[in-house]
Amino acid sequence: MYRKSPSLMALVVSKDNLLAAGKAVRRNKGAAGVDRMTVWEVEEHIEEFYLPLRQKLLDGTYKPKPVKRVEIPKPDGTKRKLGIPCARDRVVQQAIRQVIEPIIDPQFLPQSHGFRPGKRTHTALKQCLAYYEEGYKVVVDCDLKQCFDTLNHGKLMYHLEQFIQDKAILKIIRKFLMSGVIDLSGELVESKTGAPQGGVLL
């Protein structure tokens, strides 16, 4: 008998997946967001409110909170703006990532090392050494200024839709993009471009 495969969002909202996401968020530590919930409280929160959280994600009524904007000093004396999502939003992002990353990650070239499982600065340097030993002698180092601050939401969603067709997941990701920022003055600023969340997904 033919059995329909579960939707991607059904996999996201499984209790095991959400609790695993909670553990990952706790391991990553991080400051509290606008709701002041710490990462140490989030697993207990997920246990207590699992059923209503699951329902909100399934029916599309989950509403991410704005991120908290902070500034952190850079080695050159300037400051970098950073968005701190609330702990529960971080769990939801991590839960989505755990489901969609195995679908999307294989589409990247092997030479891509940024923000990928099993890849980091060390693996990129190792690849550079291999290229050098093959005879390549020129390295080009470039940085896209404010890349994550200027991402076009429409284009980002278009590319995501090439691999993820689950409408519930696409809807919540767009909500995260549009969730806004509580800036340094305490005012809510709309998110029309960029990825304001600063979490593991955006």
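The values are calculated or read from the model by the stated rules, or taken from the named source; none is laboratory data. Being a predicted model, the structure only gives us computed values, none of them experimental. Glycine gets a Cβ as well: all are built from the backbone with ideal geometry, and neighbour counts include every protein chain shown. Please note that ligands, DNA and RNA were not included when accessible areas were found on the heavy atoms of the full protein model with its side chains. Shrake-Rupley method; radii C 1.70, N 1.55, O 1.52, S 1.80 Å.
A few points about this structure:
- Among the residues making up the stretch 48-98, a single one is of a type in the set (A, V, I, L, M, F, W, C), touching a residue at least 24 places away in the same chain (Cβ under 8 Å), over 23 Å from R36 (Cβ atoms) and surrounded by fewer than 22 Cβ atoms within 10 Å (Cβ to Cβ): L58.
- As a summary of the residue check, I173 satisfies the conditions (1) within 26 Å of Q98 (Cβ to Cβ); (2) in a loop (DSSP other than H, G, I, E, B) except for the one numbered (2).
- Test for Y50: is it modelled with pLDDT under 90 and aromatic (F, W, Y): no
- When the stretch 1-18 is filtered for residues that are part of a helix (DSSP H, G or I), in contact with a helix residue (DSSP H, G or I) (Cβ under 6 Å, 6 or more places away or on another chain) and either open to solvent by less than 60 Å² (accessible area, probe 1.4 Å) or modelled with pLDDT under 90 (or both), the ones remaining, listed by number, are L8, M9, V12, N17, L18.
- Where K29 falls short, out of the listed (1) in contact with a strand residue (DSSP E or B) (Cβ under 8 Å, 6 or more places away or on another chain); (2) open to solvent by 40 Å² or more (accessible area, probe 1.4 Å); (3) not aromatic (F, W, Y): (1)
- At least 3 residues being polar (S, T, N, Q), closer than 25 Å to F176 by Cβ and under 16 Å from the mean Cα position of the chain (by Cα) is the threshold, and among the helices (runs of 4 or more DSSP H) wholly inside the stretch 44-144 those reaching it are 87-104.
- Residue match in the stretch 146-160 (condition: among the aromatic types (F, W, Y), out of contact with any strand residue (DSSP E or B) (no Cβ under 6 Å at 6 or more places or on another chain), on the phi < 0 side of the Ramachandran plot and free of Cβ contacts under 8 Å to residues at least 40 places away in the same chain): yes
- Considered as a group, the residues in the stretch 151-202 that are at pLDDT 90 or above and of a type in the set (S, T, N, Q) include one that is surrounded by the fewest Cβ atoms within 10 Å (Cβ to Cβ), and that residue is Q162.
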